[in-house]
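The block underneath contains the structure these notes are about, expressed in structure tokens.
Just so it is clear, none of the values below were taken in a lab; they were calculated from the coordinates. Keep in mind the model is a prediction, meaning the values are calculated, not measured. Glycine gets a Cβ as well: all are built from the backbone with ideal geometry, and neighbour counts include every protein chain shown.
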């Protein structure tokens, strides 16, 4: 049954703080970093006002923040943190440990360019640096999705067939600081959805003590990595059930991907994050001009939904992939993954790779339109990396 909702005009950061309030985690450890700071700042107010009973740990760095939530989660606590850019990079060592120890930590990540030079604005280089860490990665288009996906992430992470940490990505400043209408579910509905944390999530047993994590040489390391692969594969079975249950209380439907006007589309753009909203507007404009274009939005980047992407992109004339990050000396991350997914296509579409928006550079409708127009005109060249909004 769809629950009644409260409609608020709030930022993406505030929306995530509300989701965290409703989750009421046992432990939150965090260190401030722009543009993530408002998430924990707003949540800290809930703690100070006694609205939640979370143990809030102010730490000396992001490395310490992730270390603290790893310890808390290993002891059976629901533990969360949040970060951006250089903070996520400082967590890098412990991010891998959280995943390999199979701890269901949820971490909102407000995407920001990695140094250097220092830049506090949005691109996806921070989360792309962690794409092989073993974390599930979700991308929000707007504040509503940031709120919803944070709640969904906890239930997914804690599922006994998954038990993996989850990053919920929202574009820095664009979503985190932009005010939008967001529908907030009732507290009791959210808590009933996520359920009580089960004791089996705890790795610590004082009656039967064992050691986890410090050393794992060639005897078992390989086998433990294989177990992580299996857990990731289980996400493909578990996630549809979780989002179906969420749709029953919210009326909002999620999946691995979101097709937009793809029924008869010949030219399809693929992207992550807030830019999808701009692309949808341009798709509508070009459709009105009689051009058969569409969008494939990626909600889940890890595990990569290869089968779903193949289903939507097979048979198209062209596929345009937009990346808000670079892989130096290699193809851009999302482009490379989509291209790989289409390797087995009986008739491969012509593909184009476009880098945009690095360091917060604007991505305008005319940029999107120009990429589509190249596709429609048949001017794309496979592996010829192009740039939108760059001063040449």
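For a label point 7 angstrom out from the Cα of residue 55 toward its Cβ, which stretches of region 77-110 have the backbone nitrogen within less than 14 Å?
Of the residues in region 77-110, 77-80 have backbone N under 14 Å from the label point off residue 55.
At a threshold of 8 angstrom on Cα-Cα distance, excluding pairs fewer than six apart, so keeping six or more, what relative contact order does the chain reach in percent? Could you put the intermediate results ahead of the total?
Details: 818 pairs, mean separation 64.9, N = 392.
Relative CO of the chain lands at 17 percent.
Multiply the residue gap between residue 391 and residue 287 by 0.36 nm, knock off their C-alpha separation, and tell me the result in nm, one decimal place.
Working: separation 104, 0.36 × 104 = 37.44 nm, distance 2.92 nm.
Answer, rounded to one decimal: 34.5 nm.
Determine the equivalent ellipsoid of region 257-388 by diagonalising the alpha-carbon gyration tensor, then write out the semi-axes as square roots of 5 times the eigenvalues, largest first, rounded to whole Å.
Numbers: eigenvalues 69, 66, 42 Å².
Computed over region 257-388, the values are 19, 18, 14 Å.
Among 147, 220, rank each residue by its count of other Cβ atoms within 10 Å, from fewest to most, as a rough exposure measure. Mind dumping the intermediate values first?
Details: 147 30, 220 10.
Fewest-to-most Cβ neighbours within 10 Å comes out as 220, 147.
Can you divide the C-alpha Rg of region 24-127 by 2.2 N^0.38 Å and report the result to two decimal places?
1.04
Counting other beta carbons within 10 Å of each residue's own, what order do 1, 351 fall into, fewest first?
Details: 1 5, 351 22.
Ascending Cβ contact count within 10 Å gives the list 1, 351.
Starting from the Cα gyration tensor of the chain, take the square roots of the eigenvalues, sort them a ≥ b ≥ c, and report rounded, prolate or oblate (rounded when a/c is under 1.5, otherwise prolate if a/b is larger than b/c, else oblate). Intermediate values should be presented prior to the final figure.
Details: a/c = 1.67, a/b = 1.49, b/c = 1.13.
It is prolate, given that a/c is not under 1.5 and a/b is the larger ratio.
Between 15, 140, 89, find the one with the highest GNM mean-square fluctuation for the chain; connect C-alpha pairs within less than 10 Å.
Largest GNM mean-square fluctuation: 89.
Subtracting the Cα-Cα distance from 0.36 nm times the residue separation, let me have the gained length for residue 47 to residue 4 in nm, one decimal. If you can, show how the numbers build up before the last one.
Values: separation 43, 0.36 × 43 = 15.48 nm, distance 2.55 nm.
Length difference between fully extended and current span is 12.9 nm.
May I ask for the angle, rounded to the nearest 10°, between helix 143-158 and the longest principal axis of the chain, with both axes built from Cα atoms and the value confined to 0 to 90°?
Compared with the principal axis, the helix lies near 50 degrees.
Given just the C-alpha atoms of region 106-221, how large is their convex hull per residue in cubic angstrom?
That works out to 157 Å³ per residue.
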